[in-house]
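Written below as C-alpha cells is the structure these notes are about.
Just so it is clear, none of the values below were taken in a lab; they were calculated from the coordinates. Everything numeric in this text was worked out from a predicted model, so none of it was measured. Neighbour counts are summed over all protein chains in view; Cβ atoms, including those assigned to glycine, are modelled from backbone coordinates with ideal geometry.
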Amino acid sequence: MTTAVVGTGTLGSVIARLLASGGETLRLSSADNESARTLASEIGPAAVLAGDNRDALQGADAVVLPLRFTALKGVIDEIADRLTDKLVVVPSNPLGIDAQGNVSRLLPTGQASGEVLAGWLPVGARLAMAFGTMSADVLESSSRRSPESAVLFYVTDEDRAGQEVERLIRTAGFEPVKAGGLEQSTRLEVGGELHDLVVDTAEARSLTDGA
Ligand SMILES: NC(=O)c1ccc[n+]([C@@H]2O[C@H](COP(=O)([O-])OP(=O)(O)OC[C@H]3O[C@@H](n4cnc5c(N)ncnc54)[C@H](OP(=O)(O)O)[C@@H]3O)[C@@H](O)[C@H]2O)c1
C-alpha cells in the first residue's frame, strides 16, 4: 500500500525508512523538497519524490505528518481536500521553542493535541496520533526487535483508523497498542507517562488497561 510522508526531517526520515523496509510504497514531500529528494534517493524505488505536499497525497492510502506543531495547521489547510477518506497519522508533540531555546507546550494544560487536530481536519479524514512517542534514534533502533517486538502506542477515536494505523505500526516493525481515544493524546507526548518507553506488549497492556 502507499503512504505519503509530508515532512522528511529528523523523525519523518526515520518513519519513512522503517515503513519502506517493511514493504510500504512512499510518496515524500517537505518544505522545499530538498530533504525529501535526498531521502527518496537513499530509500530507492520504494519512495517517490512528490512534486509538492498536495501531490504527495495522490494515490496514497494514508498520510503521516511528521511536522513541527506550528507547521501543522498550515499544511493541513493546504492539503485538506485530499484528506477525505484517508488515514492521517500525526506524531507531533505540541511544543514550541523560543529564540532563547526554551521549549514550552503550545496548548493549555490538559488540552489534548489530538482533539485540537481533529478540529483542524476535514470531515471524512480519520485521525490517529502515533509514531511520536520515542525519539527518532530510539524509534529506529527499536524497530523489528527480537525476540519480542517493541510497542508503539497510538490513540484514535475511530475503529477503522485504529486498524489502519496498526497496519502501519506493524509495517514499521512494532507491535501496536491503543492507549485510548484522542482525548488521551497527552499520555503519548513529551512529559506523558507513555512517552519514551520501549516496552513489550505485556508491559504496555498493563499500562493501558481498559483503553
Ligand atoms: N525528532 C524527534 O526525535 C521526534 C520524536 C518524537 C516526535 N517528534 C515530533 O515530530 C515532529 C517533527 O520533528 P522533527 O524533529 O522531525 O522536526 P524537523 O527535523 O525540523 O523536520 C520537520 C520537517 O517538516 C518539514 N516542513 C516544514 N514545513 C513544511 C511544509 N510547509 N510542508 C512540508 N513540509 C514541511 C521540513 O521540511 P524541510 O526538510 O524541507 O525543511 C522538515 O522535513 C515534531 O512535532 C516533534 O515534536 C520528533
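Taken one residue at a time, the phi angles of the range 135-143 give Karplus couplings (6.51, -1.76, 1.60, θ = phi - 60°) of 5, 4, 5, 5, 4, 5, 6, 8, 5 Hz. Gly and Pro are set to x.
Amide H to amide H distances under 5 Å link Phe174 with Arg144, where only residues 5 or more positions off or on other chains count and H is placed in the peptide plane. The simple spin-label model puts a point 7 Å past each Cα toward its Cβ; for Asp61 and Glu193 those points are separated by 3.4 nm. Sorted on the mean count of surrounding Cβ atoms within 10 Å across their residues, most packed first, peptides 103-114, 35-46, 144-155, 7-18 read 7-18, 144-155, 35-46, 103-114. Each residue of the range 17-27 was assigned a 3J(HN,Hα) from its phi angle through the Karplus curve 6.51 cos²θ - 1.76 cosθ + 1.60 (θ = phi - 60°); the sequence is 4, 5, 5, 5, 6, x, x, 7, 8, 10, 10 Hz, with glycine and proline shown as x. Evaluating 6.51 cos²θ - 1.76 cosθ + 1.60 at θ = phi - 60° for every residue in the range 96-111, the Karplus couplings come out as x, 10, 8, 4, 8, x, 7, 9, 9, 6, 8, 10, x, 3, x, 7 Hz, glycine and proline recorded as x. Here the range 34-70 and the range 121-175 have alpha carbon centers that stand 18 Å from each other. Each other residue within a Cβ distance under 9 Å of Glu148 adds +1 if Lys or Arg and -1 if Asp or Glu, for a net charge of -1. Lys/Arg Cβ at +1, Asp/Glu Cβ at -1, dipole of the range 100-211 taken about the Cα centre: which of Ile169, Ser146, Val123 is farthest positive-ward? The Cα lying farthest towards the positive end belongs to Val123.
Using the Cβ-Cβ distance between Val123 and Ala31 with R0 set to 35 Å, the FRET efficiency works out to roughly 0.80. Our estimate of slack between Asp200 and Ala80, defined as 0.36 nm per intervening residue step minus the Cα-Cα distance, is 39.6 nm. List the residues of the range 116-140 whose backbone N lies under 16 Å from a point placed 7 Å from the Cα of Lys73 along the Cα-to-Cβ direction. Hits in the range 116-140 for Lys73 at 16 Å: 116-122.
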